[in-house]
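K.L.:
Below is a structure I'd like to ask you about.
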Ligand SMILES: Cc1cc2nc3c(=O)[nH]c(=O)nc-3n(C[C@H](O)[C@H](O)[C@H](O)COP(=O)(O)OP(=O)(O)OC[C@H]3O[C@@H](n4cnc5c(N)ncnc54)[C@H](O)[C@@H]3O)c2cc1C
Ligand code: SF4
C-alpha cells in the first residue's frame, strides 16, 4: 500500500504570535516556521505503517512557496520515500487545498491519505473533510488510533462525547489527532539523507486545478487582553461585584 | 572529554566542523567554501533554527561583510537602515540627563556608515549564503562535547535526545548524539561557550591573558507610534539607573530605531557589579521610564524580549586561539570590541581568518590535528588586532574610574591619541569575585511594573518564545547542590534569583520553614549569566536537548 501524507508549513507552535500594527495580518518577519504539529503526527503514523510492513511507500506532499521545501525535507527525514511540492505562492483556502490534494491523490492512487486534523495557523479543520468529499471516499477524522486490516481501517476517533470507533473502507482520508502517537526525534543521519531524496515540483496548472473563489481576510486582531482579576473577601462582596458587572 | 561510553554513535567525517551558526561560525563556513568549494564543511547550531538564539543590539559595521561578500547588497543582505544620527546621554537621575555635545563623543561611538540591523536576521541570511555554497547546517543539534583523543580535538559529539529527568532513556524516544569528526573544529559558540570554556581550561589557553570580563545585555523589541519613529536614530546612555560616578554598577543603555516603526531597546549591565541585591532585569524595566526612553516608547507595544551575556575584556583578555585540531573564533574567543559595543564584525573577521588558516593547511595536504599557527599570526597582522588594540583600555578605564571619568579618559585616548596611549591598563579581578556580602549591601527597592513601559519577568520570558522539553536532565548543573541555600543565601542573599533574566532560579520556602533552591530550567534563555556570575562558580551551563531555548524572531 502507498500512503500519501500532506504537510503544511506553519508558524512554529512555540512562537508568540504578534498581530501587525495595522491589523493586516500576523507578523511573519523572521518568525520560525515548522511543519504543522498534527501533520507531524500523520507523518509519524505513516512511517510506523511502513516500518510495520503495512505500507510499502510513503509520499509526502505540501502546498506552498519555495521555503515549504524545508518542511518536505523534514518529512523525508521522518522517513517519507519521496515528496511532491505543489508550488503556490498565494494564500490557499481549504477548498483550493482540497482540490489540489484531490488531484495529487488521483495521480498517486494511494491506499491511505493521512493528514493532520487541522493546521495550527488558521485552525480551519476543513481540508481533510473536503478532500474526502471531493474524492468521494470515506473519511475518519480526529484519529486517536489507527489499525489497518486488508482494505479496511479501524479508527478510534476523539469526539466530544468520548471515543468513537469506526471502520472505513480504503482508500480513505484519515486526519490525525494529538493522541495518535508521539512523533520521533529526527536523527541527524536521516536529515542528511533527506537532503538527497527526490522532490518533484509541480504547479497548480500542471495538476489542472483552479483556485476556488477564496475568502478574504478583512481584519486580524489579537484576542482581547484579560482584565486583571479582583479579590473578594466575602460572599456579599462577590455577589455585589457580579451584580455590578451585570452578570447576575 | 567524552567518557568511554558504550553507546553506538553514528559518525560523519568532514574537513571542518563548526560549532555555532552565529556571525563567526557562518563567516568561517562561507570563507572555507570560497577558498575551496570541495571542502566538506558542517555547522551545528543549538537553536531550533539559525538565528533563534541570536540576540544583539545591533549596530553593524559592514567592514568584515564587505570583505566576505562584497555584493551583499545585490544578494539582499538585511542591512536596511543606515545610521542617521548618534545621541549620547549622561543620565543623572530618574528624570535628569544631559546630552553629550557631538564634539565630545569618542570616535569609537561614531556610527556614520554603519547600519541598524537585527543580527538574527543577518545570520539567517548568512546561513542561506552558506547553504548555497554547499555548507551543511544542522540547527537543533547542539555540540555537547569535544572529541579529544591523545590531546587532539577530532570533532564534536551532539547532544543525546530522549533522556528523562533522571537521565534514563525514554521508551522509544532515546536518540543518542552523533559524532561529527573534522580535520579541524572551529568553536563559535559566542560569549561563554560551554565547550570553549572547557577547552580554555584543558589546554590552559588563558595562562597569559587577563581574566575575561562580561556584561549581561537585556533587550526588547518594540513597535512604536509612527510619529515618534526616526529610522536610523541611535541613542546611547550611561549612568542612571546604574552608576555614573561610582564603579559599583556599570553599564549603558541603547535605543535603536530600525525600520517599520520598530525600535530595539536594551540595557547592558557589567557583571562586575558589587551589590548582590542588584537585578539587571529590574534596572532595565525602570530605565524605560526615564524621559529619554519614554519619549519614544510611550504608546508603543513590546514585541519581544531576551537576554545574552557579552564579552567586555578586550584584547588582553583574549586567550590563546588555537590548540591541536581546532580553534576558538568570535565571542567564544572574546573578539568583542566593547568600547564600540560591537562584536559582530570582529567575530566575522576572526572566523574568516581561522577559515583561511584551515583552508591553507588543508590545501597543503594537511590531515588536521596540528595547531593552526597561521591563524593567530594573521590575526596580529589584521585590522581586527589594530581595532582591538586601540580600544584595549576602555573597559579597564570604566571599571576603575566609572562611567563619567573613565568615559572622559576614553575620549582623550580615542580622539587625541587615536587609541594609542603608551600604556595598557589591566583588571585582574574576576566578575564572580566582586560581590560584597549582603550584610554590607543596600537592598534595592524596585518600582512595580506598570504593564505599559515596564513588565514582570514571567510575561517577559513569555515573549522570548522559549521552550524546552520539560522531562529532560537539567542543563543547569550544580557542582554542589547545597551551596545555594547553605552558602550563597546567607552570604549573598542568593543573587541568582536576581541576575537571571528569565526567573530560572528561585528560593522557595517549604512548609516546614526550610528553604529550597528551585531551578526552572525550561525558562532559560541561554544567556550564560549564571555560569559567569555565581560567586561560588557552582553553576555549569550545558546544552539542553536540541532545539530547546528561545525562539527569537528578529533579535
Ligand atoms: C545586548 C547586546 C547588544 C549588542 N550590540 C551589538 C551591536 O550593536 N553591534 C555589534 O556589532 N555587536 C553587538 N553585540 C555583540 C554581538 O552580538 C556579538 O559580538 C556577536 O553576536 C558574536 O558573534 P559570535 O558568532 O561569536 O557568537 P553568537 O552571536 O553568540 O553566536 C553563537 C551561536 O552559536 C550557537 N551555539 C552556542 N553554543 C553551541 C553549541 N554548544 N552547539 C551548537 N550551537 C551553539 C548559539 O546558539 C548561537 O547561534 C551585542 C551583544 C549583546 C548581548
Ligand atoms: S539560567 Fe542562566 S543562562 Fe539561563 S537565563 Fe538564567 S542566567 Fe541565563
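The values are calculated or read from the model by the stated rules, or taken from the named source; none is laboratory data. On a predicted model such as this, the values are computed, not experimentally measured, just so you know. Glycine also receives a Cβ, built like all others from the backbone with ideal geometry; neighbour counts cover every protein chain displayed.
K.L.:
Name the residue that is farthest from residue B:294 (Cα to Cα), counting only residues in the range B:418-434 that are in contact with a helix residue (DSSP H, G or I) (Cβ under 8 Å, 6 or more places away or on another chain) and either modelled with pLDDT of 95 or more or part of a helix (DSSP H, G or I) (or both).
P.N.:
So the first thing to find is which residues in the range B:418-434 are in contact with a helix residue (DSSP H, G or I) (Cβ under 8 Å, 6 or more places away or on another chain), and the list is B:418-421, B:424-427, B:431-432.
Subsequent filtering for residues that are either modelled with pLDDT of 95 or more or part of a helix (DSSP H, G or I) (or both) retains B:431-432.
Values: B:431: 31, B:432: 33 Å.
Only one residue fits best here, namely B:432.
K.L.:
Further question on the same structure: So if I check each of B:503, B:513, which one is more than 14 Å from ligand 2 (Cβ to nearest atom) and on the phi > 0 side of the Ramachandran plot?
P.N.:
Only one candidate passes the filter, namely B:513.
K.L.:
Out of curiosity, is residue A:215 farther than 23 Å from residue A:69 by Cβ, away from chain B (no Cβ under 14 Å) and buried (at least 16 other Cβ atoms within 10 Å of the Cβ)? Give the derivation first.
P.N.:
Details: farther than 23 Å from residue A:69 by Cβ: yes; away from chain B (no Cβ under 14 Å): yes; buried (at least 16 other Cβ atoms within 10 Å of the Cβ): no.
So residue A:215 does not fit the description; no.
K.L.:
Moving on to the next point. Scan the range B:352-375 and tell me whether some residue there is crowded, with 24+ Cβ neighbours inside 10 Å and within 11 Å of ligand 1 (Cβ to nearest atom).
P.N.:
No.
K.L.:
So, one more: Given (1) within 16 Å of ligand 1 (Cβ to nearest atom); (2) buried (at least 16 other Cβ atoms within 10 Å of the Cβ); (3) under 19 Å from residue B:195 (Cβ atoms), where does residue B:539 come up short, assuming only one miss?
P.N.:
(1)
K.L.:
Mind listing whichever residues of the range A:173-193 are under 21 Å from the mean Cα position of the chain (by Cα) and either within 14 Å of chain B (Cβ to nearest Cβ) or in a loop (DSSP other than H, G, I, E, B) (or both)?
P.N.:
Pass one, the range A:173-193, residues under 21 Å from the mean Cα position of the chain (by Cα): A:173-186.
Across the range A:173-193, the qualifying residues are A:177, A:181, A:182, A:183, A:184, A:185, A:186.
K.L.:
Right, next: Kindly state which strands (runs of 3 or more DSSP E) lie completely within the range A:103-162 and contain at least 1 residues that are within 16 Å of residue A:60 (Cα to Cα).
P.N.:
On the way: elements: A:112-116, A:139-149, A:152-159.
Result: A:112-116.
K.L.:
Mind checking which strands (runs of 3 or more DSSP E) fall wholly inside the range A:1-96 and carry at least 2 residues that are touching a helix residue (DSSP H, G or I) at 6+ places or on another chain (Cβ under 6 Å)?
P.N.:
Values: elements: A:2-7, A:9-11, A:33-35, A:57-64, A:82-87.
Of the strands (runs of 3 or more DSSP E) lying wholly inside the range A:1-96, those with at least 2 residues that are touching a helix residue (DSSP H, G or I) at 6+ places or on another chain (Cβ under 6 Å) span A:2-7, A:57-64, A:82-87.
K.L.:
Which ones in the range B:46-80 are within 14 Å of chain A (Cβ to nearest Cβ) and more than 29 Å from residue A:71 (Cβ to Cβ)?
P.N.:
Listed by number, the list holds a single entry, B:58.
K.L.:
Could you run through the range B:92-109 and say how many residues are surrounded by 15 or more Cβ atoms within 10 Å (Cβ to Cβ) and either more than 15 Å from ligand 1 (Cβ to nearest atom) or without any contact (Cβ under 8 Å) to a residue 40 or more places away in the chain (or both)?
P.N.:
Of all residues in the range B:92-109, those surrounded by 15 or more Cβ atoms within 10 Å (Cβ to Cβ) come to B:97, B:100, B:105-109.
Next, from what is left, pick out any that are either more than 15 Å from ligand 1 (Cβ to nearest atom) or without any contact (Cβ under 8 Å) to a residue 40 or more places away in the chain (or both): B:97, B:100, B:105-107.
Result for the range B:92-109: 5.
K.L.:
In addition: For the subset of the range A:194-212 comprising residues that are within 12 Å of chain B (Cβ to nearest Cβ) and part of a loop (DSSP other than H, G, I, E, B), which member is surrounded by the most Cβ atoms within 10 Å (Cβ to Cβ)? Break it down into steps so the answer makes sense when it comes.
P.N.:
Here is the first cut: in the range A:194-212, the ones within 12 Å of chain B (Cβ to nearest Cβ) are A:194-196.
Keeping just the survivors that are part of a loop (DSSP other than H, G, I, E, B) gives A:195-196.
Working: A:195: 10, A:196: 7.
If we take residues in the range A:194-212 being within 12 Å of chain B (Cβ to nearest Cβ) and part of a loop (DSSP other than H, G, I, E, B), then A:195 is surrounded by the most Cβ atoms within 10 Å (Cβ to Cβ).
K.L.:
Return yes when residue B:89 is farther than 30 Å from residue B:549 by Cα and surrounded by 20 or more Cβ atoms within 10 Å (Cβ to Cβ) and no when it is not. It would help to see each step written out before you state the result.
P.N.:
Details: farther than 30 Å from residue B:549 by Cα: yes; surrounded by 20 or more Cβ atoms within 10 Å (Cβ to Cβ): yes.
So residue B:89 fits the description; yes.
K.L.:
Which condition breaks for residue B:192 when tested against (1) assigned to a helix (DSSP H, G or I); (2) under 21 Å from residue B:555 (Cα atoms)?
P.N.:
The failed condition is (1).
K.L.:
Being in contact with a strand residue (DSSP E or B) (Cβ under 6 Å, 6 or more places away or on another chain), exposed (fewer than 10 other Cβ atoms within 10 Å of the Cβ), more than 18 Å from residue A:89 (Cβ to Cβ) and at pLDDT 85 or above: is that true of residue A:222 here?
P.N.:
Values: in contact with a strand residue (DSSP E or B) (Cβ under 6 Å, 6 or more places away or on another chain): yes; exposed (fewer than 10 other Cβ atoms within 10 Å of the Cβ): no; more than 18 Å from residue A:89 (Cβ to Cβ): yes; at pLDDT 85 or above: yes.
No: the conditions fail for residue A:222.
K.L.:
For the range B:100-151, give me each residue that is part of a helix (DSSP H, G or I), over 16 Å from residue B:20 (Cα atoms) and within 22 Å of the chain's Cα centre (by Cα).
P.N.:
If the condition is that a residue be part of a helix (DSSP H, G or I), over 16 Å from residue B:20 (Cα atoms) and within 22 Å of the chain's Cα centre (by Cα), then B:108, B:109 are the ones that fit.
K.L.:
Can you name every residue in the range B:451-468 that is more than 15 Å from ligand 2 (Cβ to nearest atom) and either out of contact with any helix residue (DSSP H, G or I) (no Cβ under 8 Å at 6 or more places or on another chain) or closer than 17 Å to residue B:506 by Cβ (or both)?
P.N.:
So in the range B:451-468, the residues more than 15 Å from ligand 2 (Cβ to nearest atom) come out as B:451-456, B:459.
Within the range B:451-468, B:451, B:452, B:456, B:459 qualify.
K.L.:
Right, another one. Given (1) surrounded by 16 or more Cβ atoms within 10 Å (Cβ to Cβ); (2) in contact (Cβ under 8 Å) with a residue 60 or more places away in the chain; (3) touching a strand residue (DSSP E or B) at 6+ places or on another chain (Cβ under 9 Å), where does residue A:109 come up short, assuming only one miss?
P.N.:
(1)
K.L.:
With B:453, B:489, B:478 as the choices, which residue is touching a residue at least 12 places away in the same chain (Cβ under 8 Å), closer than 17 Å to residue B:304 by Cβ and more than 16 Å from ligand 1 (Cβ to nearest atom)? Full working, then the answer.
P.N.:
Details: B:489 fails: closer than 17 Å to residue B:304 by Cβ; B:478 fails: closer than 17 Å to residue B:304 by Cβ.
Answer to the check: B:453.
K.L.:
Further, regarding this structure: For residue B:181, state whether it is within 20 Å of residue B:328 (Cβ to Cβ), within 14 Å of chain A (Cβ to nearest Cβ) and over 23 Å from the mean Cα position of the chain (by Cα).
P.N.:
Values: within 20 Å of residue B:328 (Cβ to Cβ): yes; within 14 Å of chain A (Cβ to nearest Cβ): yes; over 23 Å from the mean Cα position of the chain (by Cα): yes.
Yes; evaluated as a whole, the condition is true for this residue.
K.L.:
Output the residues belonging to the range B:9-39 that are more than 7 Å from ligand 1 (Cβ to nearest atom), in a loop (DSSP other than H, G, I, E, B) and touching a residue at least 60 places away in the same chain (Cβ under 8 Å).
P.N.:
Applying the first criterion (more than 7 Å from ligand 1 (Cβ to nearest atom)) to the range B:9-39 yields B:9-18, B:26-39.
Next, only the ones that are in a loop (DSSP other than H, G, I, E, B) stay: B:9-10, B:36-39.
Listed by number, the residues that qualify are B:9, B:10, B:36, B:37, B:39.
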